[in-house]
Every structure is written in C-alpha cells, then in structure tokens.
There are 2 protein chains.
Amino acid sequence: MQLYVIFLGTGGSWPTVKRNVTSIAIKRGGEIILMDCGEGTQRQIQRSGLSYMQIKSIFISHFHGDHFLGLPGLIQTMQLNDREEPLRIYGPRGTREIVEELKNLGHFKPSYEIEGIDLDEGDEVRFDGYSVKPFRVKHNVPTLGFVLEEDQRPGRFNKSKALELGIPEGPLFGKLQRGESVRLKDGRIITPDMVLGPPRPGRKIVYSGDTRPCDKVIEYAKDADILIHDSTFLSDLEDLAREYAHSTARQAAEIASKANVDKLILTHISPRYVDDKEFEREAREIFDNSLVARDFMKIEVRLKK
Amino acid sequence: MQLYVIFLGTGGSWPTVKRNVTSIAIKRGGEIILMDCGEGTQRQIQRSGLSYMQIKSIFISHFHGDHFLGLPGLIQTMQLNDREEPLRIYGPRGTREIVEELKNLGHFKPSYEIEGIDLDEGDEVRFDGYSVKPFRVKHNVPTLGFVLEEDQRPGRFNKSKALELGIPEGPLFGKLQRGESVRLKDGRIITPDMVLGPPRPGRKIVYSGDTRPCDKVIEYAKDADILIHDSTFLSDLEDLAREYAHSTARQAAEIASKANVDKLILTHISPRYVDDKEFEREAREIFDNSLVARDFMKIEVRLKK
C-alpha cells in the first residue's frame, strides 16, 4: 500500500504568499490522516489535488491559531459536500471543548457526527493497518507530537525452505505469506512461522508539533522513516526559539541524529525568512538527510526491502 | 483621494483553486474597510499587496462560514504584528456575541480592543470623509447589505462669477473652493455659496451581501457608482437560487438597471462553475456595464467631473 506525506502548510505563526500555516496530510491507500489544520487548509487540499472527502481523522498538536483555525471551514465544506461519516478530531486536553465551539460557529449546525477527543501520552488510536500515538512535547501551551506507525508486516517468505518442506509452488505460497496455515495433500499442516522470517516493522512517520528540543521526540521517533520537526528559526536566533518554545534547524537535526531516523523534514518556518536554503545547510551539518518542507511537497515513504 | 475596490474572494460556499470565499476590500487613501472575511482572507490580502494593518473596520454581511471564518486568523495575525488600534467588527444582530467567541478561540487572548457591534437598517457608521449604512436584504439568515458613501464635496467653483465679483485670482480662490468665506480689500465679505455650485455627491459603493432579488437593494443602491451583487447562479438554476436565497446573474442585472448604477459587479459565483464567461453574457443582456468579479480584481472608482 502506498504511503505519502503531503505538506499542505509549512509556515509558522501566520501565512505568507509562499507558505500557508501548518497542515500535513498523511495518505495511506485511499485514506488521509490530517495533522494540524491551519486556516486555509481546505483550499490547500484542493490545490494539492487531494480530496477532503478522504480525510478519516484529524490530529491537532495544539490550539494556537496557526494549527487549528482551518477546522470550522473544513467541517462545513465537508457537510456541504454531503459527508455522513463521523469525523473525529484528536488533540491535547481541551480538544473536546474547543471542537464543540468550532462546530457551532455562526449559523452552522452539523448534520454528521463531529467529535473532539482529548488524548495524552500512553494513548493509542487504532486504524485499519496502522495506529497513531501521541506524546508530550515542550511548547508554551499543552502540545502533543504524534507517531503514525503501520502494523507489523509478516516476515519475509523463505521460498527454498518452503520447497524443502515439499510445499508445491502456487496458491499455498500466497496463503502462507498472508499468515495462514495450510494443509498439504499428505495431511501435514504447515504453519506460517515455518516459512516466514521474523515480522518486519511497518513504516513510521513522526511529527513533533511545535516544540523546544525535547527528549520525548528522540524516544518516540526512534528509527522512524520520517521525522517532521519544528524548525521555526535558524541557529543565530536560538534565543528567540527558546523564548517562544520552538526549535532551530540545527536542534531539529540533532534530534533526528539521536533518534536515528531515515529522513528529517524541517517545517514551521518563520514568516521572517524569505529564503529557506540556509535551513537545509544548517541541518545537514549535523544530519545529512535533511530537507526543508515546502507547500505541496509530496514524499513517498517506501517499504524497506 | 483615490478609491479602490479590491476583490479578495469572489466564490460562494467554499473555496476553489480559482476563487477564495467572500471578502471585498474598499481602499480609500490609506484606509481599508473590509466587507466580509471568509477563511483565507488574510492570505489573500498578502497576495493582493495590501496591508492588513491598514484595515480600519470590518463589516460582515451575515454569519455563514464563507463570509466570516477568516476573522479569527486575521485578528490574531494583526496582534502578532503589533496592532494597537481598536478593531470594530460590524454586522447584523448576533455580531457582538459571535465576535466574543471568535476573539477567544483556543489559547488566544486579545491584547488590543476588538468589539463586535450589531447594526440594523437606519444606522450609520461615520468615518472621516465617508460613512457606511446597512440595509436589510433577503437571505435565509439575518443578512445586511452595505452602502459606503463619501461625504458630499463642495460645489463646482464658478471662476467667471468670482472675477465678476472682483475677487482677485490667487489664494482667495482656494479658500472659497474649500468652503471658507473671505474678506476683500474693499471690506466686502464673500461667502462660498456666492461662487460655488450646488454640493456634489461623493462616490458610492454598494454591496448586496447574499440575497434574493430585493427592492431594498434598488432603494439603497440608487445611482451608485458600483453595485457589487450576489450572482451565485445562472438563470437556468433560478429555482436553486430561490431555494438557497441567492440571485442569478440576470436578476442582479435587473436590480442594477432599476437602481440606475454606473457599474455592476457580479460576485459569490458558485463553485460549480468553472467557466464564468456566461455570467457576463447573461447580465449584459439586461445591463451593459456588468463585470464578473475575479480574485484580486482591482477597480478604481473615479470622481465624476
């Protein structure tokens, strides 16, 4: 199944001509999980060619305007386009209450179920084939980071072992690969563990939310395929980053390195920066596979062989 | 003083790639009056090259999402950019209450004064050199249209009359033109009415808000320089227009014709239309000086000679 990360908004605090405020779509097969939903996200979704009708659930890292003010418009547009499936919006404590406000602004009355759900570290939200786990990060209001991780895949199929056991090549191979036991003509029952290697981890995408450098990110992002990390400032403004509880590109790279991730994506770039080249340069001094997020950037997360 | 209408969002219901939801900036000198503020308006302002710091006041026609959900983001961005001047947001009954909600969403606390003010037909909001008057239109929730009209200008200066009266050419002419009396060397006092024609009306811009065809628009838009009118549908969907309390391009043109305006601008185009050429064709059969609004269209309203 194909897994993509699509950046819908990559700027911090307020939108600029170049960057909208934060939103990240994670698309797995035909399902989209949205992480954060700043003002204008519904239009960014349209520009990206995605469909907002594929949005399964929304996770909000925290309730600063640039991370959630796109919710009421998106909720209303889904209704105008006949959404009937319930929409669950997850976030830190306070989410339930804020979602109640947002879903009743002005003359709007929801005709489908919209539920806000408070999460905390230790929780796990299960989906078909993957889950999302929140963890606490260090911002100036209650803020969560999120791990989206696929379920383990069955281990690698050992073809020569299977032939050795006398299993005929054909449909029985497929059954065993999918984790089912099979009965041979001679009456023997072969269980999958006899021909499969150890289970292989699913793909793992981690989003830090807005945060100062934080050990929890290292812990939860361990060996992730992609870490999407707050990188509001460059190092020369590290004092400002500390004051506003954000990270610099260098700090994000240090976290990525310690967490041993495959790829680091720098996001939440402050509107003060017109040129973002320096972000990659700074991060790559510490962690080579660093990339600065740009609106509509689409990254495929491939299965490891 | 230069007067412009800048269309920041010209679509109805939800944004498309081509049109954002409704917002209209009226710029007079260095001051902007915003009419409606759909989601994403702050970014449209940036794209238009206007400054949101010039926004004096905001008028909201009604509280359907596509007309006001850009308010919280704009309010917050103004604060992040150090606005100290009070912001007044005017609209139909319920405005005060909704603005109280909008200005306290999430963790935001306003540091400058933000006031919601309920208006009704018969009110007049005075500014320096112009005023805004609301009038009731026919939508499916309480909705106002707005007239922005400049104060009367002094009448035309009659130079030959002035010379006839023995007034010497020079600074005394200017004083009389500005409406001041002058004393001549022979002791006579000349009052402005002796050399000025009748006062001339200021420029007049009228916005219908969302509405079915409505006599109040004809009354309030009488002889306006520009009428900006709901034109959600084409005539073949007149039934739908009636059902949702909107107007067709043809109906808008009929109103413009009856109101004897100079120019009609069709706006709030439904997202169902990809091509908008037919809107102008349909309206021009009734009212020749019709134009369909497009995002970032800028129209100068010139003083009549």
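The values are calculated or read from the model by the stated rules, or taken from the named source; none is laboratory data. Computed from a prediction, not measured in an experiment: that's the story for all the values here. When we count neighbours, we look across all protein chains shown, and the Cβ atoms used for this are built from the backbone with ideal geometry, even at glycine. Just the protein is used for accessible areas: all its heavy atoms, side chains included, with ligands, DNA and RNA removed. Shrake-Rupley method; radii C 1.70, N 1.55, O 1.52, S 1.80 Å.
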- Note on the structure: Picked from region B:86-103 (must be facing chain A (nearest Cβ under 9 Å) and either in contact with a helix residue (DSSP H, G or I) (Cβ under 7 Å, 6 or more places away or on another chain) or over 22 Å from B:Asp210 (Cβ atoms) (or both)), the residue surrounded by the most Cβ atoms within 10 Å (Cβ to Cβ) is B:Leu102
- Please determine, by comparing only the residues of region A:49-61 that are of a type outside the set (Val, Ile, Thr) and crowded, with 24+ Cβ neighbours inside 10 Å, which one is farthest from the other protein chains (Cβ to nearest Cβ). A:Phe59
- For B:Met53, state whether it is in contact with a Gly (Cβ under 7 Å, 6 or more places away or on another chain) and modelled with pLDDT under 95. no
- Task: Search region B:260-279 for residues being free of Cβ contacts under 8 Å to residues at least 60 places away in the same chain and within 21 Å of the chain's Cα centre (by Cα), and hand back the single one that is surrounded by the fewest Cβ atoms within 10 Å (Cβ to Cβ).
- Result: B:Asn260
- Message: Show me the helices (runs of 4 or more DSSP H) found entirely inside region B:38-116 where at least 1 residues are small (Gly, Ala, Ser).
- Response: B:41-48, B:65-68, B:71-80
- Identify all residues within region B:204-236 that are open to solvent by 30 Å² or more (accessible area, probe 1.4 Å) and at positive phi; write none if there are none. B:Asp223
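Each row is one residue, and each column tells you yes or no for (1) under 24 Å from A:Glu100 (Cα atoms); (2) acidic (Asp, Glu).
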| position | (1), (2) |
| --- | --- |
| B:Arg83 | no, no |
| B:Pro86 | no, no |
| B:Gly94 | yes, no |
| B:Gly122 | no, no |
| B:Val137 | no, no |
| B:Asp151 | no, yes |
| B:Ser160 | no, no |
- Which of the residues that make up region A:149-192 are among the β-branched types (Val, Ile, Thr) and either within 31 Å of the chain's Cα centre (by Cα) or surrounded by 11 or more Cβ atoms within 10 Å (Cβ to Cβ) (or both)? A:Ile167, A:Val182, A:Ile190, A:Thr191
- Qualifying residues in region B:23-48 (those that are more than 10 Å from every other protein chain (Cβ to nearest Cβ) and acidic (Asp, Glu)) - the one farthest from B:Glu150 (Cα to Cα): B:Asp36
- Of the conditions (1) open to solvent by less than 10 Å² (accessible area, probe 1.4 Å); (2) within 25 Å of B:Thr77 (Cβ to Cβ); (3) among the polar types (S, T, N, Q), A:Gln46 fails just one. Which one is it? (1)
- Note on the structure: If we ask which residues in region A:213-235 are in a loop (DSSP other than H, G, I, E, B) and closer than 15 Å to A:Thr248 by Cα, their number turns out to be 5
- Query: Which of the residues that make up region A:1-38 are acidic (Asp, Glu) and open to solvent by 10 Å² or more (accessible area, probe 1.4 Å)?
  - Reply: A:Glu31
- Message: Testing A:Phe108 on (1) within 13 Å of chain B (Cβ to nearest Cβ); (2) open to solvent by less than 10 Å² (accessible area, probe 1.4 Å), one condition comes back false. Which one is that?
- Response: (2)
- Meets criteria (part of a loop (DSSP other than H, G, I, E, B) and under 22 Å from A:Ala25 (Cα atoms)) for A:Val274: no
- Query: Here is a list of conditions, (1) part of a strand (DSSP E or B); (2) open to solvent by 30 Å² or more (accessible area, probe 1.4 Å), and A:Arg250 meets all of them except one; can you say which number that is?
  - Reply: (1)
- Query: Is there a residue in region B:193-203 that is open to solvent by 20 Å² or more (accessible area, probe 1.4 Å), under 27 Å from B:Asp288 (Cα atoms) and assigned to a loop (DSSP other than H, G, I, E, B)?
  - Reply: yes
- If the Cβ limit is 6 Å and pairs must be 6+ apart or interchain, which residue in region A:1-22 that is at the interface with chain B (Cβ under 10 Å from one of its Cβ atoms) and farther than 19 Å from A:Asp230 by Cβ pairs with which residue that is outside any strand (DSSP E or B) and of a type in the set (Lys, Arg)? A:Val17/B:Arg47
- Could you tell me which numbered condition A:Asp82 fails, if it satisfies all but one of (1) buried (at least 19 other Cβ atoms within 10 Å of the Cβ); (2) within 13 Å of another protein chain (Cβ to nearest Cβ)? (1)
- Determine, yes or no, whether B:Val132 is closer than 25 Å to B:Ile205 by Cα and open to solvent by less than 20 Å² (accessible area, probe 1.4 Å). yes
- Item | Filter pass, B:Asp239 being within 23 Å of B:Leu8 (Cα to Cα) and surrounded by fewer than 20 Cβ atoms within 10 Å (Cβ to Cβ) | no
